[in-house]
Structure formats: C-alpha cells, structure tokens
Amino acid sequence: MFKVEANLKEIATRQLSQRRARKEGEPQRPVTTVNSKALHGLQFRATVEGHSFISDEGEEAGGHDAGPAPLRYFLAGIMMCHQVWCVKSAAVADVQLSKLEGEISGFIEAGGGDADREVERGFSRITYKVTIDSANSSDAIQSIVEAATRRCPAFVSASRSIPIEVTILHNEKNLGAKTYDRRRA
C-alpha cells in the first residue's frame, strides 16, 4: 500500500506559500543543476545532487542500450514531477491515496519535407494516464490532479509547447480526459 509521510502536508503548504511570496524582479536561482559527461558513443552519465544516471540510445539508433534514451527521461521527468505534486496536493487537501500510478507516451511529429531538407520535429502531443485508488470522491481526485497540473513546473513548461492529454482513472473508473494546451495562454 502507498504511504505518505505524516509531515508532507506541512512541507507542501510551506512550499506553496514560499512560491506565492516570490516577487517579480527578484533574482532567480536554479532549482537544480544537472551535469553530463560523454562516456562513449551515444552514452552519457548525468550527475545531480549526489546521484548519477546513464543515458544511451538503443542499438537500432546507434547506441548500446546501456540506459534509457534522453527522451525517455524527459517524459519520465514530466510524469514523476506531476506525481510528486499529486501526492503533495492530496496531502494539502487531506485526500488519502492508496495507489498512484502513471503511464506517459510522447508522439513525434511526422518528418515531412524532402530528403534534401531537414525539418525540425518535436512532440506533437503527449498522453498521460493517472491511475489513483482512493476512498475519497471522484471530485476530490479530479481536484488534486488539476492542482498538480498547475503546481508541477515540468508539466506547466511542457504544456506551454506540447498539448498533454490527461486521463484519470479513479478506483478503475475512467473520469474522462482533458487536454492541457497552454500554447495560446
């Protein structure tokens, strides 16, 4: 069973208050800094705050498959940051979670153009399924997922350039899908 630390409500509430207290024009500081070093071929080791991880491309893409490819970390980062904010939002709202799982997929734009001209391609859309088991109401679950979409910097940043379709499953019941597309905001 999923367990949330007893002091998380206090921590999340303080963090949200600190965010609201920051004023425009104050000097910015990075949330974190990640360093990366090429090892060989398409393999890299990233280090951050005492942790390290390997990135590599699959053999079909010229790598040795020693770790997930960079785009996998990109998508995982969006999803796991959003999950952090689901848990923090649940703690702040006194919503109990017995399970929280996610599945995220990214779809790359078609190449287009001709063989002589390179075309910029990025994600055309992202789909993300949030699965939550909770004794709380579907409205409460919808509310914490919505709060996480506003509070998670990775989700907000990605949705400013890529539509993200979020589907919520609460106790195996599909609550529907909503697309977050902040490109026009």
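Values quoted throughout were computed directly from the atomic coordinates according to the rules given, and no laboratory measurement underlies them. Keep in mind that this is a model prediction, so the values were computed, not measured. Heads up, the Cβs are rebuilt from the backbone with ideal geometry, glycines too, and the neighbour counts pull from every protein chain shown.
Placing unit charges on the Cβ atoms only, positive for Lys and Arg and negative for Asp and Glu, gives the chain a dipole magnitude near 1040 debye about its Cα centre. Over 25 Å, how big is the tail of the calculated P(r) for the chain, in percent of all Cα pairs? Above the 25 Å cut-off, the chain has 48 percent of its Cα pairs. Karplus-derived 3J(HN,Hα) values for region 67-82, using 6.51 cos²θ - 1.76 cosθ + 1.60 with θ = phi - 60°, are x, x, 6, x, 5, 5, 5, 4, 5, 4, x, 4, 5, 5, 5, 4 Hz; glycine and proline are entered as x.
For region 10-55, which GluC sites (Glu not before Pro) are in a loop by DSSP, counting at most 12 other Cβ atoms within 10 Å?
Working: sites: 10, 24, 49; in loops: 24, 49.
Answer in residue order: 24, 49.
Each stretch of four or more DSSP H residues adds -39500 (n - 2.57); spread over every residue of the chain, this sum gives -10000 deg cm²/dmol at 222 nm.
Residue order for 56, 94, fewest other beta carbons within 10 angstrom first, comes to 94, 56. DSSP assigns beta bridges within the chain; of those with both partners inside it, close to 80 percent run antiparallel.
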